[in-house]
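The values are calculated or read from the model by the stated rules, or taken from the named source; none is laboratory data. This one's a predicted model, so the numbers in the text were calculated from it and none came from an experiment. Virtual Cβ from ideal backbone geometry, glycine too; neighbours counted across all protein chains shown. The area values use the complete protein model at the heavy-atom level, side chains included, leaving out ligands, DNA and RNA. Shrake-Rupley method; radii C 1.70, N 1.55, O 1.52, S 1.80 Å.
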Amino acid sequence: LSETRQELEREAQADDAKWSAPRRFIHREEAHDRLAPALIVELLRGKKEPECVVGFARLADVDEATASRIIFHGAPEALAVACKAAGFDRNAFSNMMLLTAKGGVHKAGAKFELLDLYDKVTEQTARRTMRFWRTRRQTTRSAATQGAA
């Protein structure tokens, strides 16, 4: 157990080091009132993925692991819901969808289906969904922590 704890602490320290510069950047942008969906799109275009993840996490009110999963590893529908909940306009969502597209989004009609989903989901419904995802993630973490104890 001691070795596992030490390994986890080393990983946490390495993770903090990896994210410290992007966090400082986003903090500065937020302090100057420049943290906005347009900045997130520009960070994606510039291949500044850590900064994009930190900024998106801040705007969507999720942790960075969840933001990364939504942007780069999740279903495009999750991106639509998160963008809607965070107040991204249709153009910003469309750009994010295209910049993070996986094979399925390039199929005929898939882009339009996602845009249609984005248009149909209300901001209130998207925020409710995000609250559910946050609650589920916290519950899962609590159960894992209690199981490990």
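Only residues that are without any contact (Cβ under 8 Å) to a residue 24 or more places away in the chain and either under 15 Å from L98 (Cβ atoms) or among the basic types (K, R) (or both): list them for region 111-134, please. Correct list: K111, F112, E113, K120, R128, R131. Annotation: of all residues in region 21-35 being in contact with a helix residue (DSSP H, G or I) (Cβ under 8 Å, 6 or more places away or on another chain) and either closer than 22 Å to D89 by Cβ or small (G, A, S) (or both), the one that is most open to solvent (accessible area, probe 1.4 Å) is E30.
Conditions tested, residue by residue: (1) at pLDDT below 95; (2) open to solvent by 70 Å² or more (accessible area, probe 1.4 Å); (3) touching a Pro at 6+ places or on another chain (Cβ under 6 Å); (4) outside any helix (DSSP H, G or I).
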{"position": "N91", "(1), (2), (3), (4)": "no, yes, no, no"}
{"position": "S94", "(1), (2), (3), (4)": "yes, no, no, no"}
{"position": "L98", "(1), (2), (3), (4)": "yes, yes, no, no"}
{"position": "A101", "(1), (2), (3), (4)": "yes, no, no, yes"}
{"position": "D119", "(1), (2), (3), (4)": "no, yes, no, no"}
{"position": "T129", "(1), (2), (3), (4)": "yes, no, no, no"}
{"position": "R136", "(1), (2), (3), (4)": "yes, yes, no, no"}
{"position": "T145", "(1), (2), (3), (4)": "yes, yes, no, no"}
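Could you tell me how many of the residues in region 49-59 are in contact with a Phe, Trp or Tyr (Cβ under 9 Å, 6 or more places away or on another chain) and either among the polar types (S, T, N, Q) or in contact (Cβ under 8 Å) with a residue 24 or more places away in the chain (or both)? Here the count works out to 6.
Among the residues of region 59-72, what is the count of those that are farther than 17 Å from L43 by Cα and in a helix (DSSP H, G or I)? Give the steps one after another, and end with the answer.
Initial filter on region 59-72 (farther than 17 Å from L43 by Cα): 61-63, 65-66.
So of that shortlist, the ones also in a helix (DSSP H, G or I) come out as 65-66.
Matching residues across region 59-72 total 2.
Only residues that are open to solvent by 10 Å² or more (accessible area, probe 1.4 Å), in contact (Cβ under 8 Å) with a residue 40 or more places away in the chain and under 18 Å from T125 (Cβ atoms) were counted in region 61-84, giving 5.
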